[in-house]
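Participant: The structure is given below, and queries will be raised subsequently.
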Amino acid sequence: MAHPIVYGPAGSTYVWSARLALAEKGVTHELVEVPFGAHGEEPQLSRHPFAKVPAFEHDGFALYETQAIMRYVDERFAGTPLQPEDVHEWSRMNQIIGIVDAYARPCIGEAILFNRLLVPRLLGGAPDEAAIAAALPRARICLSEIDRLMQDHRFLTGSHVSLADLMVVPLFYYFSNIPDGRAPMAEHPKLQNWVRQMETRQSFQVTKPPPL
């Protein structure tokens with residue numbers, strides 16, 4: 001049986017989430033690096049016609065969209081389940097994943113992290129400070145809501161890691177390590193502790209991207 005293949009840049013938060021799911025299930029996989037900017041070119045366009053990452057392949061089965069990849073990994077491979085059986089926890093997991101896709105990724109990932117990290121370090125440009133400032137209020141709402149929805153659980157939806165944790169932690173880890181994110185994260189010590197807890201997991205350590 002061939003190992004799963006993940007296509008995309010290691011530093012992408014969505015690529016990292018897909019790899020975290022594989023690592024949590026104890027599945028050896030291959031990362032085929034697609035450099036930032038090459039997602040709109042072949043061969044990546046043949047894998048993902050919307051010019052995004054990650055793309056995924058396993059035993060000839062091709063898939064894209066991070067949620068679909070993570071759910072496939074959880075259903076296809078043995079190991080500790082990453083989706084709760086309790087319907088309330090399962091629904092909360094899906095709600096938090098939805099918050100990432102609809103709100104947190106656009107404001108934290110595409111506006112703040114893109115401008116603060118990728119533009120100066122990989123593209124050689126100057127950050128759009130106005131775009132960063134405009135995104136910070138929505139980022140604070142994302143932090144507040146996920147903090148509230150976490151309640152007093154050890155992880156975001158309960159006592160065990162779920163797909164929600166794996167979707168959120170790459171964004172919050174990067175955000176907590178840039179000046180724009182330190183003050184907002186400091187307002188939520190529970191989330192800070194959760195990020196630190198996630199950092200200790202083997203899945204995090206073996207998939208952690210090199211510094212941008």
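The values are calculated or read from the model by the stated rules, or taken from the named source; none is laboratory data. Owing to the predicted nature of the structure, the values given are computational and were not obtained by experimental measurement. Positions of Cβ are generated from backbone atoms using ideal geometry, with glycine treated the same way; all protein chains shown enter the neighbour counts.
Participant: Could you tell me whether any residue of segment 129-143 is touching a Gly at 6+ places or on another chain (Cβ under 8 Å), crowded, with 17+ Cβ neighbours inside 10 Å and either modelled with pLDDT under 95 or assigned by TED's automatic domain parsing to the domain that holds Glu187 (or both)?
Facilitator: Looking only at segment 129-143, we keep the residues that are touching a Gly at 6+ places or on another chain (Cβ under 8 Å), and these are 139.
Keeping just the survivors that are crowded, with 17+ Cβ neighbours inside 10 Å gives 139.
Now restrict to residues that are either modelled with pLDDT under 95 or assigned by TED's automatic domain parsing to the domain that holds Glu187 (or both): 139.
Yes, there is a match, as at least one residue in segment 129-143 is touching a Gly at 6+ places or on another chain (Cβ under 8 Å), crowded, with 17+ Cβ neighbours inside 10 Å and either modelled with pLDDT under 95 or assigned by TED's automatic domain parsing to the domain that holds Glu187 (or both).
Participant: Moving to a separate point now. What are the residues in segment 1-22 that are more than 20 Å from Phe36 (Cβ to Cβ) and surrounded by fewer than 19 Cβ atoms within 10 Å (Cβ to Cβ), if any? Give the derivation first.
Facilitator: Going residue by residue through segment 1-22, those that are more than 20 Å from Phe36 (Cβ to Cβ) are 1-4, 21-22.
Met1, Ala2, His3, listed by residue number.
Participant: Within segment 148-169, is even one residue of a type outside the set (A, V, I, L, M, F, W, C), touching a Cys at 6+ places or on another chain (Cβ under 7 Å), surrounded by fewer than 18 Cβ atoms within 10 Å (Cβ to Cβ) and in a helix (DSSP H, G or I)? Steps first, please.
Facilitator: Filtering segment 148-169 down to residues of a type outside the set (A, V, I, L, M, F, W, C) leaves 148, 151-154, 157-160, 162, 165.
So of that shortlist, the ones also touching a Cys at 6+ places or on another chain (Cβ under 7 Å) come out as none.
Among the residues of segment 148-169, not one is of a type outside the set (A, V, I, L, M, F, W, C), touching a Cys at 6+ places or on another chain (Cβ under 7 Å), surrounded by fewer than 18 Cβ atoms within 10 Å (Cβ to Cβ) and in a helix (DSSP H, G or I), which makes the answer no.
Participant: Going residue by residue through segment 102-121, is there one that turns out to be touching a Leu at 6+ places or on another chain (Cβ under 7 Å), more than 26 Å from Ala23 (Cα to Cα) and surrounded by fewer than 16 Cβ atoms within 10 Å (Cβ to Cβ)?
Facilitator: yes
Participant: Against the condition outside the structural domain of Glu110 (by TED's automatic domain parsing) and farther than 27 Å from Ser162 by Cβ, how does Leu45 come out, does it pass? Step through it out loud before you land on a result.
Facilitator: Details: outside the structural domain of Glu110 (by TED's automatic domain parsing): yes; farther than 27 Å from Ser162 by Cβ: yes.
When the stated conditions are applied, Leu45 passes them.
Participant: Which of the residues spanning segment 190-207 are without any contact (Cβ under 8 Å) to a residue 12 or more places away in the chain and farther than 15 Å from His153 by Cβ?
Facilitator: Step one: filter segment 190-207 for residues without any contact (Cβ under 8 Å) to a residue 12 or more places away in the chain, giving 193, 196, 200, 205.
Hits for segment 190-207 are Arg196, Thr200, Gln205.
Participant: Quick one: Gly60 ticks every box in (1) more than 20 Å from Leu163 (Cα to Cα); (2) within 15 Å of the chain's Cα centre (by Cα) bar one, so which box is it?
Facilitator: With (1) more than 20 Å from Leu163 (Cα to Cα); (2) within 15 Å of the chain's Cα centre (by Cα) applied to Gly60, the lone miss is (2).
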